[in-house]
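First up is the structure itself, then whatever we jot down about it.
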Amino acid sequence: MARDQGDRDGWDARYGTAELIWTAEPNVFVAREAADLPPGRALDLATGEGRNAVWLAGRGWRVTAVDFSVEGLRKARRLAAEHGADIDWILADVRDHRPRPRGYDLVLVAYLHLRAEDLRDVLYRAAEAVAPGGTLLVVGHDLTNLNEGVGGPRDPSVLYTATGVAAALNGLEVVRADRVTRVVVRGEIEHTAFDTLVRAVRPG
Ligand SMILES: C[S@@+](CC[C@H](N)C(=O)[O-])C[C@H]1O[C@@H](n2cnc3c(N)ncnc32)[C@H](O)[C@@H]1O
């Protein structure tokens, strides 16, 4: 059995529904932070059902999107087709995938929750993949979400802190590294989720 096949099978099972388990809309922080960027080459690591990749493609980005879930990418392809988005899909484990260094004007890592050492390596390569003048966006469930917020993994070891993410971004200039809030509606009740949001650029 391949490494952590169980994780992949678990995601395939979650995505094995007809409906999207996330939404067709981009994540609020991705939309906000990327809105002012001139379109270029974008890399979406752990794209899931492709909501952020499709939104970026709709704004003129040439998007490469990676995920290890066959079912996730199946739904992402469907979402892209519905929006007329042409995206380069890559079925791969981000712990093995080697993006082209300096190859992208935007690298996005959204809600990818891995063991700390795996995440550190993925973030290192994500930062390396940012071209001069390019941007890295990392967003994920914050460690404080465990006790103060809703949703997200229950294992504290895979949750984010802004300082932890910022420290892993070799060679980039951190523009912001914050805990941010997001409204989550369940039933008719509004809850607050706490995320880590880090935006960094490669000088040049
Ligand atoms: C919470 S979803 C987020 C999806 C997307 N980034 C978004 O914001 O909608 C996490 C995604 O990470 C993917 N994932 C988890 N571990 C991975 C790995 N080692 N390699 C590639 N994808 C992975 C899962 O398949 C899943 O699609």
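Of the conditions (1) among the charged types (D, E, K, R); (2) within 9 Å of the ligand (Cβ to nearest atom); (3) surrounded by fewer than 22 Cβ atoms within 10 Å (Cβ to Cβ), ASP88 fails just one. Which one is it?
Single failed check for ASP88: (2).
If you take the residues of region 44-83 that are among the polar types (S, T, N, Q) and either more than 12 Å from the chain's Cα centre (by Cα) or farther than 28 Å from ASP178 by Cβ (or both), which of them is surrounded by the most Cβ atoms within 10 Å (Cβ to Cβ)?
SER69
Scan region 20-30 and give yes if some residue there is among the hydrophobic types (A, V, I, L, M, F, W, C), part of a strand (DSSP E or B), within 9 Å of the ligand (Cβ to nearest atom) and at pLDDT 95 or above, otherwise no.
Of the residues in region 20-30, the ones among the hydrophobic types (A, V, I, L, M, F, W, C) are 20-22, 24, 28-30.
Now drop any that are not part of a strand (DSSP E or B), which leaves none.
The answer is no, given that none of the residues of region 20-30 is among the hydrophobic types (A, V, I, L, M, F, W, C), part of a strand (DSSP E or B), within 9 Å of the ligand (Cβ to nearest atom) and at pLDDT 95 or above.
Just for helices (runs of 4 or more DSSP H) wholly inside region 94-202: which have at least 1 residues that are closer than 29 Å to GLY60 by Cβ?
116-128, 162-167
Does region 139-146 include one or more residues that are closer than 23 Å to ALA65 by Cβ, touching a His at 6+ places or on another chain (Cβ under 8 Å) and either of a type outside the set (Asp, Glu) or away from the ligand (no atom under 14 Å from the Cβ) (or both)?
Within region 139-146, one or more residues are closer than 23 Å to ALA65 by Cβ, touching a His at 6+ places or on another chain (Cβ under 8 Å) and either of a type outside the set (Asp, Glu) or away from the ligand (no atom under 14 Å from the Cβ) (or both).
Might you let me know whether region 185-195 holds any residue that is farther than 22 Å from ASP96 by Cα, at pLDDT below 95, among the charged types (D, E, K, R) and out of contact with any strand residue (DSSP E or B) (no Cβ under 6 Å at 6 or more places or on another chain)?
Yes, region 185-195 contains a residue that is farther than 22 Å from ASP96 by Cα, at pLDDT below 95, among the charged types (D, E, K, R) and out of contact with any strand residue (DSSP E or B) (no Cβ under 6 Å at 6 or more places or on another chain).
Any idea which of LEU136, LEU112, LEU159 is closer than 21 Å to ALA65 by Cβ, touching a strand residue (DSSP E or B) at 6+ places or on another chain (Cβ under 6 Å) and surrounded by 20 or more Cβ atoms within 10 Å (Cβ to Cβ)? Talk me through it step by step, then tell me what you get.
Numbers: LEU112 fails: touching a strand residue (DSSP E or B) at 6+ places or on another chain (Cβ under 6 Å); LEU159 fails: closer than 21 Å to ALA65 by Cβ.
Checking each option against the conditions leaves just LEU136.
Can you tell me which of (1) in contact with an Asp or Glu (Cβ under 7 Å, 6 or more places away or on another chain); (2) within 16 Å of the ligand (Cβ to nearest atom); (3) more than 25 Å from VAL184 (Cβ to Cβ) is the one ASP118 doesn't meet?
Going through (1) in contact with an Asp or Glu (Cβ under 7 Å, 6 or more places away or on another chain); (2) within 16 Å of the ligand (Cβ to nearest atom); (3) more than 25 Å from VAL184 (Cβ to Cβ) one by one, ASP118 breaks only (1).
Does region 31-44 hold any residues that are assigned to a helix (DSSP H, G or I) and touching a residue at least 40 places away in the same chain (Cβ under 8 Å), and which are they?
Result: GLU33, ALA34.
Output yes when any residue across region 21-43 is acidic (Asp, Glu) and exposed (fewer than 14 other Cβ atoms within 10 Å of the Cβ), and no when none is.
In the first step, residues of region 21-43 are kept if they are acidic (Asp, Glu); the result is 25, 33, 36.
If we keep only those that are exposed (fewer than 14 other Cβ atoms within 10 Å of the Cβ) too, we end up with 25, 36.
Scanning region 21-43 turns up at least one residue that is acidic (Asp, Glu) and exposed (fewer than 14 other Cβ atoms within 10 Å of the Cβ).
Suppose the filter is of a type in the set (D, E, K, R), closer than 21 Å to TYR124 by Cα and either part of a loop (DSSP other than H, G, I, E, B) or in contact (Cβ under 8 Å) with a residue 60 or more places away in the chain (or both); does ASP12 pass it?
Spelling it out, it is not the case that ASP12 is of a type in the set (D, E, K, R), closer than 21 Å to TYR124 by Cα and either part of a loop (DSSP other than H, G, I, E, B) or in contact (Cβ under 8 Å) with a residue 60 or more places away in the chain (or both).
Given the criteria of a type outside the set (Val, Ile, Thr), farther than 20 Å from ASP44 by Cα and more than 18 Å from the chain's Cα centre (by Cα), does GLY187 qualify?
Yes: the conditions hold for GLY187.
How do the pairs read when you match residues in region 95-115 that are within 10 Å of the ligand (Cβ to nearest atom) with residues anywhere that are part of a strand (DSSP E or B), using Cβ under 6 Å and keeping only pairs 6 or more apart or on different chains?
Final answer for the pair search is HIS97/VAL66; LEU108/ASP44; LEU108/LEU137; VAL109/LEU45; VAL109/VAL138; ALA110/VAL139; TYR111/GLY140.
Would region 45-64 turn up any residue that is under 10 Å from TRP89 (Cα atoms), touching a Phe, Trp or Tyr at 6+ places or on another chain (Cβ under 6 Å) and either modelled with pLDDT of 95 or more or part of a loop (DSSP other than H, G, I, E, B) (or both)?
No, that holds for no residue.
The values are calculated or read from the model by the stated rules, or taken from the named source; none is laboratory data. Since the model is a prediction, treat every value here as computed from it, not as a measurement. Every residue, glycine among them, receives a Cβ derived from its backbone with ideal geometry; neighbour counts consider all protein chains shown.
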